[in-house]
Structures are given as C-alpha cells and as structure tokens.
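The values are calculated or read from the model by the stated rules, or taken from the named source; none is laboratory data. Small disclaimer: the values here were computed from a predicted structure and weren't measured. Here the Cβ positions follow ideal geometry from the backbone for every residue, glycine too, while neighbour counts run over all protein chains shown. For accessibility, only protein heavy atoms count, side chains too; no ligands or nucleic acids. Shrake-Rupley method; radii C 1.70, N 1.55, O 1.52, S 1.80 Å.
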Amino acid sequence: PKPPTAVSYRVRRHPLVAHDLETITNLIADDAGPQAALRKLEEIERTLRGLSRVPHRGTTRDEMTPGLRVRRQPIEETPLTTAATGGRQSPVSA
C-alpha cells in the first residue's frame, strides 16, 4: 500500500508582514548585532514555512482579524531593550 500523502496548506502573509519583519530585524540588530538579527529572522521564516504543514498552531485571535492565529516564541536569547507594539516602540521590562 502507498503511504499517506502529506497535506500541504498555502500560507498567506498579510501585506504588512514584510515591514514588520524588517522592523524586528532592525531592532534586534541594533541591540544584539546583525548575526543575532539574522538568526531570529531565519527562525521566524522557518516557523512560517512550518505553518504549511501544521497550520493550526497558535492561539486564534479572531477579535484582531478573522482567522488570525498567533504563536508566541520566547526571545530570551536575544537581549532587546525595545519592541515594536502596534506600530509604536515601547520599552520592554527586563
């Protein structure tokens, strides 16, 4: 018998994702250096690619956008002093 075929889903990115990723990368690069920023960007991209295989990860946030799921990832290994929240920069408490 044939092994089951893996289902792959199409992941759509909101138009502002590219800007958000650039902002995140720049914040990390400013605080922790370009190599740390590149590692975090690669980690985020891996996670996004993984959604095509397991799309129901994360917590639904329909109150923000219908169908939106949010997956929080720890960033302890990247020392940030600021974070972008809702388009504004806010201090992050240590």
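For the range 52-66, enumerate the residues that are within 14 Å of R10 (Cα to Cα) and open to solvent by 90 Å² or more (accessible area, probe 1.4 Å). Scanning the range 52-66 gives R53, H56.
If you go through the range 7-26 one residue at a time, do you hit one that is loosely packed, with under 15 Cβ neighbours inside 10 Å and at pLDDT below 80? Taking every residue of the range 7-26 in turn, at least one turns out to be loosely packed, with under 15 Cβ neighbours inside 10 Å and at pLDDT below 80. Selection of the range 8-33 for residues being in a loop (DSSP other than H, G, I, E, B), touching a residue at least 24 places away in the same chain (Cβ under 8 Å) and among the aliphatic types (A, V, I, L, M) yields only V11. For the range 27-51, a residue qualifies if it is exposed (fewer than 13 other Cβ atoms within 10 Å of the Cβ) and either closer than 25 Å to L68 by Cβ or within 9 Å of the chain's Cα centre (by Cα) (or both), and the qualifying residues are E42, E45, R46, R49.
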